Structure formats: structure tokens, C-alpha cells
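Visitor: Right, I'll just put the structure down here and ask away after.
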Amino acid sequence: MLRKDKYKILIIFMLCAIGVHAQKLKINTVPEGLQKAYLDGKDTVPIVNLREIYIYPQVKFKNKREQARYTKLVRDVKRTLPYAKMVYETLIETYEYIETLPDEKSRQAHLKRMEKELFQEYKPQLKKLTFSQGKLLKLIDRECNQSSYNLLKAYLGSFRAGFWNIFAGMFGASLKTEYDPKGKDAMTERVVVLVENGLI
């Protein structure tokens with residue numbers, strides 16, 4: 001039994017050493033898991049790329065109202081984040097597809113058809129969003145690295161982008177709002193990261 005424990009400790013120590021060495025080499029582009037090795041003198045040293053770990057200090061609330069606000073933010077992020085990710089995936093698929101179309105006329109026809117289908121499919125769901133959830137549609141900016149308005153303007157033109165911005169305004173949102181993860185949206189970013197990693 002003692003011998004098994006020694007082996008376990010040795011394995012843990014080796015994994016820690018490998019992880020520390022990999023961090024010194026600043027290897028962060030290889031997918032998680034054992035990928036390759038390098039020679040160190042006569043020794044072959046495996047390189048293990050470990051998953052990122054996020055550690056935040058515990059939130060300290062001044063009062064119950066602040067705690068309730070945080071709980072509400074967690075709920076709202078869980079509700080709206082899937083929409084932001086869906087928009088990003090749709091944009092990638094749409095861009096890849098319209099690149100295969102022969103001319104501008106067929107591209108615009110496809111975009112109009114897709115816009116109509118998306119409006120019919122998601123309008124009932126979006127109407128159920130609360131005012132605070134509507135404001136979190138700026139998470140689209142986080143996923144796509146630019147505001148929703150600029151994305152729509154690029155794909156659909158200024159007039160139709162303006163229409164969608166007015167539509168978003170019905171839910172307390174503005175598609176022109178930019179996401180600020182290190183400033184006013186720092187707490188939202190923290191919640192998003194924790195939700196994405198299944199920690200809350």
C-alpha cells in the first residue's frame with residue numbers, strides 16, 4: 001500500500017514539473033493534452049499543455065441588494081450568452097456560404113432570406129427577454145470582436161442595421177454598445193468566464 005502511494009506522489013510530482021517547464025517555454029498554442037516532446041541532453045521530456053484555470057477572489061457584497069444584483073447578473077448571462085454564441089456561429093457559416101455564391105445579387109438574396117428566417121424564429125424568444133437581459137445582447141460584441149451594429153451594417157447595409165437597432169431598443173439594448181471587459185463590464189466578464197467553464 002505504501003509503495004502505491006509512493007508511485008502516486010511520483011506521478012503527481014512529474015506532472016507538476018512538466019507543467020512548470022511547459023509554462024517556462026511559454027507554449028500555449030497547442031491543444032490540451034500530451035502533444036510532443038523535446039530532447040534535453042539525453043533525456044526526452046514530454047510537453048503537456050494544460051487547460052487554463054481562472055481564479056477570482058471571492059465576491060464581497062456590501063449588502064443583500066448587491067448580492068441580489070450579482071445573482072440576477074448570473075441568471076441573465078446564462079440566458080443571453082447562448083444567443084451571442086449562436087450569432088457568432090451563424091455569421092461564420094453565412095460568410096463561408098456567401099463566398100461560394102457567384103454574384104452580389106445572389107448574395108443579397110440569400111442574406112434577405114436568412115434575415116427573414118432568423119427574425120421569424122427568434123423574435124418570440126427575444127420578446128421574452130427582460131430589460132436587463134436585453135442589455136446583455138452586447139455579449140455579441142464580446143464573441144465577434146465588434147459591435148452588432150457594425151456587423152449588421154457590413155452584411156445588410158445601414159438602413160436595415162438601423163431597423164435592427166430600433167428593434168433591439170424595444171428590449172432596452174443598443175446594438176452600437178461596445179463590450180468593455182476591463183472596465184464597466186468587468187463583473188459581467190467574470191461571470192461569463194465562470195459560466196463558460198461550468199464553475200457557476
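Each reported figure results from applying straightforward, stated rules to the coordinates on display, with no laboratory input. On a predicted model such as this, the values are computed, not experimentally measured, just so you know. Glycine also receives a Cβ, built like all others from the backbone with ideal geometry; neighbour counts cover every protein chain displayed.
Visitor: Only loop residues by DSSP count here, and only those with at most 16 other Cβ atoms within 10 Å; note down the chymotrypsin sites (Phe, Trp or Tyr not before Pro) in region 42-71 that meet that.
Guide: Tyr54, Phe61
Visitor: How many Å³ per residue does the convex hull of the Cα positions in region 60-131 occupy?
Guide: Values: hull volume 7.5 nm³, N = 72.
Hull volume over Cα atoms, normalised by residue count, gives 105 Å³.
Visitor: Separate question: For region 76-116, which GluC sites (Glu not before Pro) are both in a DSSP coil and crowded by at most 12 other Cβ atoms within 10 Å?
Guide: Glu99
Visitor: Cross-link candidates for Lys123: which aspartates and glutamates have Cα within less than 15 Å, leaving aside residues fewer than 8 places away along the same chain?
Guide: Glu115
Visitor: Provide the gained length on full extension for the span Asn145 to Phe119, in nm with one decimal, where the gain is 0.36 nm per separating residue minus the Cα-Cα distance.
Guide: Answer, rounded to one decimal: 7.1 nm.
Visitor: Given the pairs Lys112/Lys153; Lys153/Lys176; Lys128/Lys176; Lys138/Lys184; Lys105/Lys176; Lys85/Lys135, which span a C-alpha to C-alpha distance of over 18 angstrom in this model?
Guide: Numbers: Lys112/Lys153 13 Å; Lys153/Lys176 11 Å; Lys128/Lys176 21 Å; Lys138/Lys184 12 Å; Lys105/Lys176 28 Å; Lys85/Lys135 16 Å.
Beyond 18 Å between Cα atoms: Lys128/Lys176; Lys105/Lys176.
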